[in-house]
Amino acid sequence: MNKYSLLVILLVILCSMASCEKDDLCIPEEAATPRLIILFTDNNNPLIRKPVESLQVIESISGTAVPLNAAGVQVLTQVDSIAIPLRIDQNTTQYRFERTLNGALNPDPINFNYTIGEQYINRACGFKAIYSELTRDIPLETPANPWIRNVLVRNSTITSNQDIHVEIRH
Amino acid sequence: MWRYVTSILIFLVSHAAMAQGDETPVIKNDSTTYEATYGLRVGIDIASLLRTALDEEYTGLQIMGDYRLTDRWYVAAELGNEAVDRETNQIDFETNGSFIKLGADYNFYKNWLDMDNMIYVGFRVGAANYSQTLDRFDYYQDNNLFPVESVFPRTETTGLTAIWGELQAGLKVQVLNNVYMSLNVQLKRSITEDAPENFDNLYIPGFGRTYDTNEIGVGYSYGLTYRIPFFKK
């Protein structure tokens, strides 16, 4: 066997090996930064879920409507649970929960405070944020006309979209 | 002085051969007999030098050597240092460290006359000591409501070690008297590795890049080596 043909064969193998490294792509189904999962229940009987007739959530600082589910829908009708993002650039997210009932708009503000941590996912996706020490505070409304009766933190650690973190009674 | 060294080595090797009880040494009077050269072959990996020049995220140096034990078996080793400073979409990281590989090569090629080439398969056990630095990351989010936040933790984890097993296939060809060119491809499997806290080894010196889904690594080298001839047999 000719030794130079051998060298050429091996070089070809080498080059093909170097180029077959496929790019790393983050698959969207991978666990991303979890959202705040909110459940709406009946204030008179908290064991029963109570849907909101028509709901939109506005981020107070930017005034933009936030996605309420994984599909990114911003207005939901007859909804008893939503999944909304929390800010990563600061430890507070200020929201206005706007209910529309019989054509009347009623916004109620709720602020969520938390501590941000990071958790490694993988090479392609990098890190996701996880939240802990979740608390809520309800700024005073003037004039006071709340449709939300009570806001309870059910799970103060937010690591996945599989838990219910906050319960809103109305 | 070399005369003494070679004499001692000849004595030792012939002694070992007798002890192993192979074939009884025959005194060769035939002047047309071709003798194989035994010696230490040392050299440098051109591939990592080329990559250092071409890939600005990579710096590496590797020296390699082998020593002929028998007609077909060689003990072999590689020693090197690699630094990678890589930027990707979600993560920027740095890896810096040294590695050593020890093992043996088996020559399948039947040389004619005074040729001295190898088509070989070898195995190695590799070990690396390195540090991993997380320079930057973006939080991965499923929406773009809020601006993407880049975080620059610059956390360095030092004293990490990794051990792997490696198979090599390649060839070593004599291009000039006692000068060899070698090419090989490497398939590796991680045995143990220390991962940084809340992070992972994205690159391991000597092992190469890692994969999330398996323990396999691949590599190659392209060596230029010189053999210091000790004796002929």
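No lab work stands behind these numbers, since they all come straight from the coordinates. Model, not experiment: these values are computed from the prediction. Quick reminder, even Gly has a Cβ in these numbers, built from the backbone with ideal geometry, and neighbours come from all protein chains shown.
Once you put a point 7 Å from the Cα of A:Asn145 and another 7 Å from the Cα of B:Asn144, both along the Cβ direction, what distance in nm separates them?
3.7
Build a GNM of chain B with springs between Cα atoms under 10 Å: which of B:Asn144, B:Asn111, B:Asn177 gets the top mean-square fluctuation?
Of B:Asn144, B:Asn111, B:Asn177, the most mobile in the Gaussian network model is B:Asn144.
Could you line up A:Leu39, B:Leu134 from fewest to most neighbouring Cβ atoms inside 10 Å?
Details: A:Leu39 18, B:Leu134 25.
Ascending Cβ contact count within 10 Å gives the list A:Leu39, B:Leu134.
R0 = 22 Å: FRET efficiency of B:Asn198 with A:Ser132, Cβ-based, nearest 0.05? Before the final figure, lay out each step's value.
Values: r = 14 Å, r/R0 = 0.65.
Rounded to the nearest 0.05, the efficiency is 0.95.
Counting helices only, and only those DSSP H runs with n ≥ 4, report the 222 nm mean residue ellipticity of the protein assembly as shown as the sum of -39,500 (n - 2.57) divided by its residues, in deg cm²/dmol to the nearest 500.
Values: 3 runs with 45 residues, N = 403.
-3500 deg cm²/dmol, from helical runs alone.
For the protein assembly as shown, what is the number of Lys pairs with C-alpha distance below 22 angstrom, counting only pairs 8 or more positions apart or on separate chains?
14
Report the Rg/Rh value for chain B, based on alpha-carbon coordinates and the Kirkwood definition of Rh. Don't skip to the answer; put the middle values down first.
Working: Rg = 22.9 Å, Rh = 20.4 Å.
Expressed as Rg/Rh, it is 1.12.
Taking a point 7 angstrom from the Cα of A:Gln74 along the C-beta vector, which residues in region B:115-148 have backbone N less than 20 Å away?
Under 20 Å, as judged by backbone N against the label point of A:Gln74, lie B:141-148 of region B:115-148.
Along Cα→Cβ, 7 Å out, is where each label goes; now give me the distance between the ones at A:Gln162 and A:Thr64 in nm to one decimal.
With each label point 7 Å from Cα toward Cβ, the separation is 3.1 nm.
Kindly put A:His165, A:His170 in sequence by how many other C-beta atoms sit within 10 Å of each C-beta, fewest to most.
A:His170, A:His165
With unit charges on the beta carbon (Lys/Arg positive, Asp/Glu negative), name the residue among B:Ser131, B:Gln141, B:Leu69 whose Cα is farthest towards the positive pole of the charge dipole of region B:57-211.
Checked the options; the winner is B:Leu69.
Give, in whole angstrom and from largest to smallest, the semi-axes √(5λ) of the equivalent ellipsoid of the protein assembly as shown, with λ running over the eigenvalues of the Cα gyration tensor.
Values: eigenvalues 965, 63, 55 Å².
The answer is 69, 18, 17 Å, longest axis first.
Say a paramagnetic label sat at a point 7 Å from the Cα of A:Ile48, along Cα to Cβ; which residues of region A:140-163 have their backbone N under 20 Å from it?
Residues A:147-152 fall inside that zone.
Please order A:Ser156, B:Ser48 by the number of other Cβ within 10 Å, starting at the fewest.
Numbers: A:Ser156 14, B:Ser48 23.
Ascending number of Cβ neighbours within 10 Å: A:Ser156, B:Ser48.
Quick one: putting +1 on the C-beta of Lys and Arg, -1 on the C-beta of Asp and Glu, what dipole do you get for region B:156-201 around its Cα centre, in Debye to the nearest 20? The partial results should precede the final answer.
Details: 3 positive and 6 negative charges, 103 e Å.
In debye, rounded to 20, region B:156-201 gives about 500.
So if I place +1 on the C-beta of Lys and Arg and -1 on the C-beta of Asp and Glu, and nothing else carries charge, what would the dipole magnitude of region B:162-233 be about its Cα centre? I want it in debye, nearest 20. All intermediate terms of the calculation are to be shown ahead of the outcome.
Details: 7 positive and 7 negative charges, 179 e Å.
For this selection, approximately 860 debye.
Name the longest site-free stretch of chain B, where the excluded sites are GluC sites (Glu not before Pro) in a DSSP loop with no more than 10 other beta-carbon atoms within 10 Å.
Numbers: sites that count: B:Glu23, B:Glu35, B:Glu56, B:Glu197.
Result, exposed sites excluded: B:57-196.
So what's the gap between the Cα centers of region B:190-229 and region B:53-91, to the nearest angstrom?
Cα centroid of region B:190-229 versus Cα centroid of region B:53-91: 9 Å apart.
Out of region B:149-207, which trypsin sites (Lys or Arg not before Pro) are coil in DSSP terms and have no more than 16 other C-beta atoms within 10 Å? Before the final figure, lay out the partial values.
Working: sites: B:Arg154, B:Lys172, B:Lys188, B:Arg189; in loops: B:Arg154.
Passing sites in region B:149-207 are B:Arg154.
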